[in-house]
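The values are calculated or read from the model by the stated rules, or taken from the named source; none is laboratory data. Being a predicted model, the structure only gives us computed values, none of them experimental. Because the Cβ atoms are built from the backbone with ideal geometry, glycine has one as well, and the counts that use them run over all protein chains shown.
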Amino acid sequence: MIEIFTGFILQMIASVSGTVMEFTPRKSLSECLKVKRKIERESDTYQGPRWVCKKGKLEMHKTMDGSYRPMKMLPMEE
C-alpha cells in the first residue's frame, strides 16, 4: 500500500556532491529542527553530511509490521 506524506522532511545531503542521501518525514518544523540539532551536536565529523529541514512530499510504502517507510521524494507543486 502506498501513501503520500506532505510535510517537513529531514534530509541528509552529501557535502561533496550535494545529492540527498537519506530522508525522513517529521511531524512539524520544530521536531525536524530538534532532531537536526541533536544529530549535529552528537556528530564529531567536521566534513560530514549536511542536514536540512525542508517542506516536501514523500512516497511511503506500508511494511509487513504495518508501519510506513519512505521510498522516494516527490516533486512539490507550485
Out of Leu29, Leu10, Leu33, Leu58, I need the residue that is surrounded by fewer than 15 Cβ atoms within 10 Å (Cβ to Cβ) and either touching a strand residue (DSSP E or B) at 6+ places or on another chain (Cβ under 7 Å) or among the hydroxyl-bearing types (Ser, Thr, Tyr) (or both). Which one? Leu29
Over the range 17-26, the set of residues free of Cβ contacts under 8 Å to residues at least 24 places away in the same chain and either basic (Lys, Arg) or surrounded by 11 or more Cβ atoms within 10 Å (Cβ to Cβ) (or both) is Glu22
Leading residue by the ranking (nearest to Met76 (Cα to Cα)) among those in the range 13-44 that are at pLDDT below 95 and aliphatic (A, V, I, L, M): Val20
Expected output for the range 54-78 (first residue more than 19 Å from Ile13 (Cα to Cα), partner aromatic (Phe, Trp, Tyr), Cβ below 7 Å, 6+ apart or cross-chain) is Met60/Phe5; Met60/Tyr68; His61/Tyr68; Lys62/Tyr68
Which strands (runs of 3 or more DSSP E) does the range 17-77 wholly contain that include 2 or more residues that are closer than 16 Å to Ile2 by Cβ and basic (Lys, Arg)? 50-62, 68-74
Has the range 45-54 got at least one residue that is at pLDDT below 95, surrounded by 12 or more Cβ atoms within 10 Å (Cβ to Cβ) and more than 14 Å from the chain's Cα centre (by Cα)? yes
Residues satisfying the stated conditions in the range 1-16, i.e. in contact with a Gly (Cβ under 8 Å, 6 or more places away or on another chain) and free of Cβ contacts under 8 Å to residues at least 40 places away in the same chain: Ser15
